[in-house]
Amino acid sequence: MSKKARRRYTAEFKAEAVALVERQGYGVAEAARSLGINRSLLDRWLRKERERQSHQHDQQEGQAEELERLREENRKLRMEKEILKKAAAFFAKESN
């Protein structure tokens, strides 16, 4: 009994296959058939790509929230710095 060699696909091939479905409007079965691969394999690649995009979107949202928090913190620190500058000038004037 001989074992069938498992085919390996490049990342570029997978990306092109996913692009056929997501960007060019082909159906999953139609794209799989035209590429000569099993539909379940293409489904798996699509699912992984969507998970990757979802994870990337979540990261971007987290970064946007952190950026907004840091901007607010920066604004408050600038205000505090200005208040301290004015207080230092006031007390320097008082001591003379």
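Before moving on, here are some points about what is shown:
- Secondary-structure-derived ellipticity at 222 nm for the chain, considering helices only, amounts to -28500 deg cm²/dmol, per-run term -39500 (n - 2.57) for DSSP H runs with n ≥ 4.
- Here P(r) over Cα pairs in 5 Å bins from 0, in percent was calculated from the structure, and among [x] 2, 12, 17, 17, 16, 16, 13, 6, 1, 0; [y] 3, 14, 21, 26, 20, 12, 4, 1; [z] 2, 10, 12, 11, 8, 7, 7, 6, 5, 5, 5, 4, 4, 4, 3, 3, 2, 1, 0, 0, 0 it sits at label [z].
- Residue among ARG39, ARG50, ARG71 with the largest mean-square fluctuation in a Gaussian network model of the chain, springs linking Cα atoms under 10 Å: ARG71
- Under a model in which nothing but the beta-carbon of Lys, Arg (+1) and Asp, Glu (-1) is charged, the chain shows a dipole of about 640 debye around its Cα centre.
- For the chain, the relative contact order is 16 percent, taking Cα pairs closer than 8 Å that sit 6 or more residues apart in sequence and dividing their mean separation by the residue count.
- Residue among MET79, ALA19, ALA92 farthest towards the positive dipole end of the chain, charges placed on Cβ: ALA19
Where a number appears in this text, it was derived from the coordinates with a stated rule and is not lab data. From a predicted model like this one, the values you see are computed outputs, not experimental measurements. Every residue, glycine as well, gets a Cβ built from its backbone with ideal geometry; the counts of neighbours run over all protein chains shown.
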